[in-house]
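> A single structure is presented below for examination.
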Amino acid sequence: MQHQKREAECLEDVMNQTVDQLKEYLHNLRQYDHILSLLYWDMNTLAPEKGLEARVSAINYFSAEQFRLATADEYGRMLEELRKPELFDALDPAMQLTVKRYSRDYERFRRIPEDFYTSYTETKTRSEKAWEKAKQSADFSVFAPYLDKVISMTKEYVHYMEPDRDPYEALLDLYEEGIDGDTIDRVFAELKEGLLPLLNKIEECPRPDLSALEGSYDMIAQKKVQDMLLAYIGFDADAGATAESEHPFTLDLSIGDVRVTNHYKEDDPLSAIFSAIHEGGHAIFGQNIDPSYEGTAVEKVDMMGLHESQSRFFENILGRRRSFWVPVYDKLGELLPQFKDIPLDMFCSAINDVHPSMIRTEADEVTYCLHIILRYEMEKAIFRDNIPTDKLPQLWNDKMEELLGIRPENDGEGILQDMHWSDGSFGYFPSYLLGSVYDGMFLEALETEMGSVDAILEEGRISEITAWLNKKIHQYGSLYTSAEVLQRVCGRELTAQPLLEYFYKKYAKLYGFC
Ligand code: ZN
């Protein structure tokens, strides 16, 4: 008995010691993350053109150091020790997840030959530059040889990481762990079947007249609108910051420092308004993770679908409702006086104007889904059917016609519009739509528990909705996979039906069909 007790104590000592060592090691690794994130923030907001070389050299230096630490033998030994069942079982859930996830990443990284990694990184950088040029001149032939190389090297890259897996499955898993291709096939098929008839019905109705919105909108006032909206939805300005950038993004430095950017267009105030709400949704997630998870893998949410579900919940499910604007529409008019002359109902028609268009990032919430389905089908054609690169533009255009009934006039408004493929981010696109599908389910669960969202919003109680999301989803960071979150919050498996119901109910009312 005494002997067994001493053995247990001894085991506990070993565990505590290794956990402390690992935590210290992760603490050091996080410093590189922090500084690289800050460099990224600076590069995309304030940094001047002429400082490019010095900045690239700083980024290369810190990235190389980080890679060295993340693949060191010493690190691998610590993780291995903690994977021993007798130690692993005694860890708390956050540390178990940390050991599991970081062991997976460590092993993946260790399988990639260093010279391949360097050459892949360089290929992607060159390919991004070629894509920019090709997009500007709408000339696919400029990008084609680079894309071809990125595709073959991405296949090789995932083969190193996950040698026994189908490469596209491995890619999907990088962006939304645990949601496989079969599940996405099923859900996207449900959506396609439901959306095409809805879109037909909407297209039979006249488009709203939006000429009253035309004009020039002060950019400083647009920035104030952003601050007003961020405060309204629950962004904590003491735990974040805002800046301007070419493309809006959110950056999590730590739970106490989550930043958002925006872009302002003089002739299109809706762009900055909805980007503010979207990025605000991402930031609210990051700011509300339980601080006790700091230093573990739980505080890093790299499930893109889950993250996107939170930004899109605020942007679309809440932000495109009339009731969302009731408490703040007067404030919008005070900051941008043009809105004083635009009745709220007209504003609501403008923010819900559904019609097929070429560009994904400018699409409404309904046709947006079809833009993503197109990209998912393209990626499967690339990775599973090995369609030659020079055939891709035509395939894109055919799919555009099949899904949205329109055909791009040039590749600039077709296959060249997104940057994702230029840097090898294949498998990322589906996560945007998965986010919306989750949202349909979250909305259903929220209304079951709290009653009509419209009533809550109209009474100015949006903070109760934010608090519900904090409690049900945000506080846990990435402790649970998306599928687990859906089970915990909605008590059911992934399905597109609630999203379709939301669309049908909303647009039948807005467009007056049944
Ligand atoms: Zn987003």
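> Which shape class applies to the stretch 233-370: rounded if a/c is under 1.5, otherwise prolate when a/b exceeds b/c and oblate if not, where a ≥ b ≥ c are the square roots of the Cα gyration tensor eigenvalues?
Prolate, since a/c reaches 1.5 and a/b exceeds b/c.
> Once label points are set 7 Å from the Cα along Cα→Cβ at both residue 228 and residue 207, what is their separation, rounded to one decimal in nm?
Using points 7 Å along Cα→Cβ, the separation is 2.8 nm.
> So for the stretch 393-514, Kirkwood radius off the Cα pairs, Stokes-Einstein at 10 °C and 1.306 mPa s: how many µm² s⁻¹?
Working: Rh = 17.5 Å.
The diffusion coefficient I find is 91 µm²/s.
> Which parts of the stretch 86-102 would a label at residue 8 reach, counting a residue when its backbone N lies under 18 Å from a point 7 Å out along Cα-to-Cβ?
Within reach of a label on residue 8: 86-92.
> Quote the relative contact order of the stretch 65-185 in percent (integer), defining contacts as alpha-carbon pairs under 8 Å separated by 6+ residues.
With pairs under 8 Å counted, the relative contact order is 18 percent.
> Hey, another quick one. Just to compare against my own numbers: the Cα pair-distance distribution for the chain, 20 Å bins, whole % per bin, please.
Final binned percentages: 20, 56, 22, 2, 0.
> If you don't mind, there's one more thing I want to ask. Packing-wise, with mean Cβ within 10 Å as the measure, how do 257-264, 67-74 rank, highest first?
Working: 257-264: 20.8, 67-74: 13.8.
Result, highest mean first: 257-264, 67-74.
> Taking neighbour counts of Cβ atoms within 10 Å as a proxy for exposure, in what order, fewest first, do 474, 282 appear?
Taking fewest neighbouring Cβ atoms as first place, the list is 474, 282.
> What nm distance separates the two modelled labels at residue 355 and residue 216, each placed 7 Å from Cα along Cα→Cβ?
According to this spin-label approximation, the distance is 2.6 nm.
> Here is a further query. Fully extended, how many nm does the chain gain between residue 114 and residue 391 (0.36 nm per residue separation, minus their Cα-Cα distance)?
Between residue 114 and residue 391, full extension yields an extra 96.5 nm.
> May I pose another question? Could you list 154, 183 so that the one with the fewest beta carbons within 10 Å of its beta carbon is first and the one with the most is last?
Exposure proxy ranking, most exposed first: 183, 154.
> Further, regarding this structure: What is the ratio of the Cα radius of gyration of the stretch 94-182 to 2.2 N^0.38 Å, with N the residue count, to two decimals?
The stretch 94-182 yields a ratio of 1.31.
> Need one number: % antiparallel among DSSP beta bridges in the chain, to the nearest 5.
45
> Take each uninterrupted DSSP H stretch in the chain, measure its Cα extent along the helix axis, and return the ones at 20 Å or beyond whose mean Kyte-Doolittle hydropathy is at least 0.0.
Details: long enough: 2-45 (63 Å, -0.95); 52-70 (26 Å, 0.17); 93-111 (27 Å, -1.48); 114-137 (35 Å, -1.81); 140-161 (30 Å, 0.29); 181-204 (34 Å, -0.13); 219-233 (21 Å, 0.57); 269-287 (26 Å, 0.55); 365-383 (28 Å, 0.47); 429-450 (32 Å, 0.42); 497-511 (21 Å, -0.63).
Sorted by number, the helices that extend far enough and score high enough are 52-70, 140-161, 219-233, 269-287, 365-383, 429-450.
> Calculate, axis by axis, the spread of Cα positions in the stretch 237-308 along the three principal axes, and write the results as whole Å, longest axis first.
On the principal axes, the stretch 237-308 reaches 44, 26, 16 Å in Cα extent.
> If you place +1 on the Cβ of every Lys and Arg, -1 on the Cβ of every Asp and Glu, and leave all else neutral, what size is the dipole of the stretch 63-204 about its Cα centre, to the nearest 20 Debye?
Using Cβ point charges on Lys, Arg, Asp and Glu, the stretch 63-204 gives about 480 debye.
> Between residue 46 and residue 344, what is 0.36 nm times their sequence separation minus the Cα-Cα distance? Round to one decimal in nm.
Extra length from residue 46 to residue 344 when fully extended: 103.7 nm.
> Determine, for 331, 509, the number of other Cβ atoms within 10 Å of each Cβ, and report the residues in order from fewest to most.
Going from least to most buried by this count: 509, 331.
> Further, regarding this structure: Suppose every Lys and Arg Cβ carries +1 and every Asp and Glu Cβ carries -1, with no other charges. What dipole size does the chain come out with about its Cα centre, to the nearest 20 debye?
Taking the Cα centre of the chain as origin, the dipole is about 100 debye.
> Between residue 23 and residue 237, what FRET efficiency comes out of the Förster formula 1/(1 + (r/R0)^6) with R0 = 35 Å and r the beta carbon distance, rounded to 0.05?
0.70
> Let me ask something else. Please give the FRET efficiency for residue 107 paired with residue 200, using the beta carbon to beta carbon distance and R0 = 56 Å, rounded to the nearest 0.05.
Calculated transfer efficiency: 0.70.
> Once the piece of chain linking residue 36 and residue 137 is laid out straight, how much longer is it, given 0.36 nm per residue of separation minus the C-alpha distance between them?
33.1 nm
> Please give the FRET efficiency for residue 294 paired with residue 126, using the beta carbon to beta carbon distance and R0 = 30 Å, rounded to the nearest 0.05.
Values: r = 38 Å, r/R0 = 1.25.
Once the sixth-power term is evaluated, E becomes 0.20.
The numbers here are math on the coordinates, done by the rules we state, and not lab data. None of the values given here were measured: they were computed from a predicted structure. A quick note on method: Cβ atoms are made from the backbone with ideal geometry, for glycine too, and the neighbour counts reach across all protein chains shown.
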